[in-house]
Amino acid sequence: MKVAPLKLAFLSNDTLQAKRALNKLARQYGECDPLAADVIVALGGDGFMLQTQHQFMNSGIPVYGMNKGGVGFLMNKYRVEDLEARILKAASNRIHPLEMNATDAQGNVHVSQAINEVSMHRQSYQAANLMISIDGKVRLKSLICDGLLLATPAGSTAYNLSAHGPILPLDAPLLALTPVSPFRPRRWRGALIPNSVNVQIDVIEPDKRPVSAVADHAEVKSVLNIKIHEDKNSTGILLFDNEHSWDERILAEQFQEY
């Protein structure tokens, strides 16, 4: 019995090389509306993959990325040939974003989702002073630092890794809490925490030491506190080539010869 071809939708970032790749693939494989597709093929870098995941969160439509951008840790290698066969053999990974509730200095609450990480950063020459609570219990009364971030497994290879945080397997039930340039306590290097907990970070002396909060690309200035939890009701689907799976990428990253 003949198998019907996959209904593919192609999306790209705004670079010329990504747009050219989109046109070439669409001519060869045809294309349809993203919401009617079996699979969405995203052409760009990791930033564009995040954008696509946010756009089609909870649609149930898997996203298969091909690298036409920078780092491309969330992307597969770009290749025109045998695309449908690659997609059919690809490993499927479900991800849940973090939800950030940030209260600003005017008392307004801003709700945003983050697939990579929620982070806080000092807004002035003064270092941030943060208090960290987990499930209502204060775990660190004062962290003086340039910033702090809570990363998902999908985001653990991004800003978190640059801040010397740990890399997490995609299916690990963990989040990485990682400081940025900690001053006091100087030896605190962060923590691995269950993805079932509720995290609250309060800004100490917010007038003297203003802090901004960022959930992926959504930023809130002059926050008083943020509350973060994993949103189990929201799901995105990533597809990876079997020969270059997420687990293989993590192992390769940790055993690089620098």
**Complete:** Among 78, 114, 149, the residue whose Cα sits farthest towards the positive end of the charge dipole of region 1-160 (+1 at Cβ of Lys and Arg, -1 at Cβ of Asp and Glu, taken about the Cα centre) is 78
**Prompt:** How large is the charge dipole for region 98-230, taken about the Cα centre, if only the Cβ atoms of Lys, Arg (+1) and Asp, Glu (-1) carry charge, to the nearest 20 debye?
**Reply:** 660
**Request:** Return a single number: how many Lys pairs in the chain, at a sequence separation of 8 or more or on separate chains, have alpha-carbon atoms below 17 angstrom apart.
**Result:** 11
**Prompt:** With the chain treated as a Gaussian network of Cα nodes joined by springs under 10 Å, which of 122, 79, 94 yields the largest mean-square fluctuation?
**Reply:** 79
**Request:** Taking the Cβ of residue 105 as the centre, find all other residues whose Cβ is under 11 Å away and add up their charges (Lys, Arg: +1; Asp, Glu: -1).
**Result:** -1
**Request:** Round to the nearest 10 and give me the degree value, 0 to 90, for the angle of helix 16-29's Cα axis relative to the longest principal axis of the chain.
**Result:** 40
**Message:** For residue 140, what residues show an amide H to amide H distance below 5 Å, using hydrogens built from the backbone and excluding near sequence neighbours?
**Reply:** 132
**Request:** About the Cα centre of the chain, how large is the charge dipole given +1 on each Lys and Arg Cβ and -1 on each Asp and Glu Cβ? Please answer in debye to the nearest 20.
**Result:** 380
**Prompt:** The list (1) 116; (2) 216; (3) 149 gives values of volume of the Cα convex hull per residue in Å³, and only one came from this structure; which label was calculated from it?
**Reply:** (3)
**Fill in**
Largest-first semi-axes in Å of the equivalent ellipsoid built from the Cα gyration tensor of region 98-230 are 21, 16, 13
**Fill in**
The answer for residue 65, listing residues at least 5 apart or on another chain whose modeled amide H is closer than 5 Å to its amide H, is 42, 76, 239
**Request:** Post the alpha-carbon centroid distance, region 28-57 to region 114-161, in whole angstrom.
**Result:** 30
**Complete:** With x for Gly and Pro, the residue-by-residue ³J(HN,Hα) of region 98-105, computed from phi through the Karplus equation 6.51 cos²θ - 1.76 cosθ + 1.60 at θ = phi - 60° and given in whole Hz, is 7, 10, 10, 10, 10, 9, 8, 5
**Request:** Could you check what % of the DSSP bridge pairs in the chain are antiparallel, to the nearest 5?
**Result:** 80
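Throughout, read-outs are computed from the coordinates displayed, never taken from laboratory work. Given the structure is predicted, the values throughout are model-derived calculations rather than measurements. Methodologically, a virtual Cβ is constructed for each residue, glycine included, from the backbone with ideal geometry; neighbour enumeration extends over all protein chains shown.
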